[in-house]
Amino acid sequence: MIRRLLLALAALALLASVALYFVGRGALGRHEAPGAVAPQARSPRLDAARAQQQRASAAAVGVARPKQILFGDLHVHTTFSFDAFLISLPLGQGEGARPPADACDFARHCSALDFWSLNDHAEGITPRHWKESIESVRQCNEVAGDPANPDSVAFLGWEWTQVGNTPEDHWGHKNVVLAHTDEARIPRRPIGATATYERIRRATDLPTVGIGAAALLSDNPRLHDFARFLAERADVQHCADDVPSAELPDDCLELAATPRDLFRKLDEAGHEAIVIPHGTTWGMYTPPGSSWAHQLVDGQHDPARQTLFEIYSGHGNSDVYRDWRALEFAADGSPSCPEPSESYLPTCWQAGEIIRARCLDAGEASSECEQRAAQARRHAAEAGTQAHLTVPGARAEEWLDAGQCRDCAEPAFNYRPGGAAQYVMALRNFEDASVPERFRFGFMASSDNHYARPGTGFKELNRVGFTESRRRTAGSGPIAQALAPEPDEPLPQSRAFDRDDLTGFQLFELERQTSFFLTGGLVAVHANGRDRASIWDGLGRREVYGTSGPRMLLWFDLLNAPGTRGQALPMGSELATLENPIFQARAVGSFEQLPGCPDDAQGALGAQEIRRICMGECYHPSDRRRLVTRIEVVRIRPQTHAGEAVAALIQDPWRSFSCEPRPEGCTITFEDPEFAAGRRDTLYYVRAFEEPAPGVNAAGVGCVRDTLGNCPEVALCGSGPNSDDCLAEHEPRAWSSPIFVDFAPQG
């Protein structure tokens, strides 16, 4: 009898395991579909009225024969991306599916953009999702009306999302944007990053039975969808590395280990594409000590494709260079922790301070506690990006403002100066002394939104949804553990970091960085028309600029270029001259926003979709323009020899001009009287600032400083009374693309 009972129980257990396995494989879930694009275009009357307003503003600041200025977002994720799907789950009070169709509707009716692109992470895009992405972008364009004068242009693309463990093997993230959407002129598959693909495979290698149990215990069907989402990706194998792209099958995932490999594969495909680096100073994943210098050698830069640089996004500002570093490295490559300075507290140093305080509180001798603090600094330095994991049980507040750029405006989290736009533009590669190579990027901005909401920076609200900020979460089980490791006890000594213990998002400092997510920026292009070809041509000319979200109007021109017969050269231009250059910059502030959504958007989407997609808020301009308060000029003189110190080559600001408080805007003219005598190549760009206004997460960790300027306490966003939109005063701004003025020696 007992034997039969045991056999019956074993059979039931086997059946339960099989059932949980199939549930864990998504048997009860739905495929993440692309959604249906709303069938109504934006009213042509609105775009015509905005064009007329632009012409009037251009005339008011003296711009003759202006091109149209069109606003877009070239960095948009949907729940086709693994990380976007993960944050859509009920564990984090997620919103559910946010497919490509939602991105189209948001861009068209909520943010009223002129163009946008789809940039889901290539490492997790299945062949089925790639085909659905293509079809969704095509549907979005079909609704746009006359192709010669569309209400909005949707571009197809993806993100190449590479993360390395060391500065030497780290290349960062790059968006690939394609010129066309017809079958003959697009790649058969996106191209992902090898290292990140392997990380995702490890991070999603969750017990299938465990996922099934978690899904069954939840009353939310979204977990079943997630199980299917993971299973679909697990079934896709990566393509052979030694086979040319054109000879690969359609049902594999193509990977590139380095930027050089990515550019080679794009060349093999032979289609028009722009590659845009982003997140270059974002310390969540960028190893301390990383520098863009190694991206200028050995074919790791393609000047024909990699022409634009994302200087600002919802992950913060990557503009300015600072001379401090998170770590110092000996000749043998071993890291050590630098001492803090007035403008920077290294995370490794704060690790030692936390351990010292705990040790003293535990009653240990001061000499013992000092030794433990030194050991904690060593452990944190050796852990690199995962320094926060070397202090057991440390609360986010205990790290204060460690790792942050204290004198930067809205900086990226755990700032890495070796990827700052100013540093990148000052670099040169002298391997070929006759033609020293350098970067010549145009500057742009975008959102990096993971809720299928392109261009969320039109209003400073809806922190959860318009930024990447998430509410604090709690939970257990395999899905919760994918987001964060199990909590530790706050011990009075540190530990060495073991990379094999954790994977995926468990490695990242998620809680503190939620105070750094912004509503995101926009890319603006000076274009001869609203059509796809005109926008693409403007992007190719680098006649673009970025804003922190508002639709400021900006012109930046060189007035005395030789051989132009008085015709000005716009931002993004490059030339060689012997004369001192003369420039003119003009800026007009953005429109103040009205609450809610205009009638056109409400009529197109309806009340329910306005709430679901737009979160009840749209681009809704009043007739009042905000004031431009000043225009700054940054001057950079790129290196003239190997090893030349970069800090002295960057002058920020080189000039600063106050603007009269006129709604018509601001115009400045200036000359560089030192160019000809200095006899060295120089680039210039301008920043235009609007009057201060409240901004989501603009205060970062929210230091509560003492009388000496120290930061003994922080008020992190998302906790306690600071759990709303976390508004703080900031200065909305725009960055022009540089004008590159090379010195032309006699002969």
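The table that follows gives values for the structure above.
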{"read-out": "D432 being among the acidic types (D, E) and either buried (at least 18 other Cβ atoms within 10 Å of the Cβ) or modelled with pLDDT under 95 (or both)", "value": "yes"}
{"read-out": "Filtered residues of the range 519-533 (kept if touching a residue at least 40 places away in the same chain (Cβ under 8 Å) and outside any loop (DSSP other than H, G, I, E, B))", "value": "L522, V523, A524, V525, H526, A527, R532"}
{"read-out": "Any hit, the range 586-602, residues being surrounded by fewer than 23 Cβ atoms within 10 Å (Cβ to Cβ), among the small types (G, A, S), modelled with pLDDT of 95 or more and over 29 Å from D319 (Cβ atoms)", "value": "yes"}
{"read-out": "Residues of the range 183-216 satisfying the condition of being farther than 18 Å from G124 by Cβ and either modelled with pLDDT under 70 or surrounded by 19 or more Cβ atoms within 10 Å (Cβ to Cβ) (or both)", "value": "I186, P207, V209, G210, G212, A213, A214, A215"}
{"read-out": "Flag if G695 is at positive phi and touching a residue at least 60 places away in the same chain (Cβ under 8 Å)", "value": "no"}
{"read-out": "Residues (surrounded by 13 or more Cβ atoms within 10 Å (Cβ to Cβ) and not in a loop (DSSP other than H, G, I, E, B)) located in the range 695-735", "value": "G695, V696, C703, V714, S719, N722, L727, A728, H730, R733, A734, W735"}
{"read-out": "Residue among G566, G529, G572 that alone is at pLDDT below 95 and not aromatic (F, W, Y)", "value": "G566"}
{"read-out": "Test: residue in the range 273-295 that is in contact with an Asp or Glu (Cβ under 6 Å, 6 or more places away or on another chain) and either surrounded by fewer than 22 Cβ atoms within 10 Å (Cβ to Cβ) or on the phi > 0 side of the Ramachandran plot (or both)", "value": "no"}
{"read-out": "Qualifying positions in the range 354-367 - of a type outside the set (A, V, I, L, M), in a helix (DSSP H, G or I) and surrounded by fewer than 19 Cβ atoms within 10 Å (Cβ to Cβ)", "value": "D361, S366, S367"}
{"read-out": "Elements of type strands (runs of 3 or more DSSP E) in the range 92-176, at least 2 residues being surrounded by 24 or more Cβ atoms within 10 Å (Cβ to Cβ) and modelled with pLDDT under 95", "value": "none"}
{"read-out": "Looking only at the range 598-620, and only at residues there that are among the hydrophobic types (A, V, I, L, M, F, W, C) and more than 27 Å from the chain's Cα centre (by Cα), the one that is nearest to E460 (Cα to Cα)", "value": "A601"}
{"read-out": "Residue in the range 540-580 that is nearest to V61 (Cα to Cα), counting only those that are among the polar types (S, T, N, Q) and surrounded by fewer than 18 Cβ atoms within 10 Å (Cβ to Cβ)", "value": "Q567"}
{"read-out": "Output for the range 548-567, where each listed residue is touching a residue at least 24 places away in the same chain (Cβ under 8 Å) and among the hydroxyl-bearing types (S, T, Y)", "value": "S548"}
{"read-out": "The one condition in (1) modelled with pLDDT of 95 or more; (2) over 20 Å from Q584 (Cβ atoms); (3) under 17 Å from the mean Cα position of the chain (by Cα) that Q513 fails to fulfil", "value": "(1)"}
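The values are calculated or read from the model by the stated rules, or taken from the named source; none is laboratory data. Because the structure is a prediction, the values reported are computed rather than measured. For neighbour counting, all protein chains shown are included, and Cβ atoms are generated from backbone atoms with ideal geometry for every residue, glycine included.
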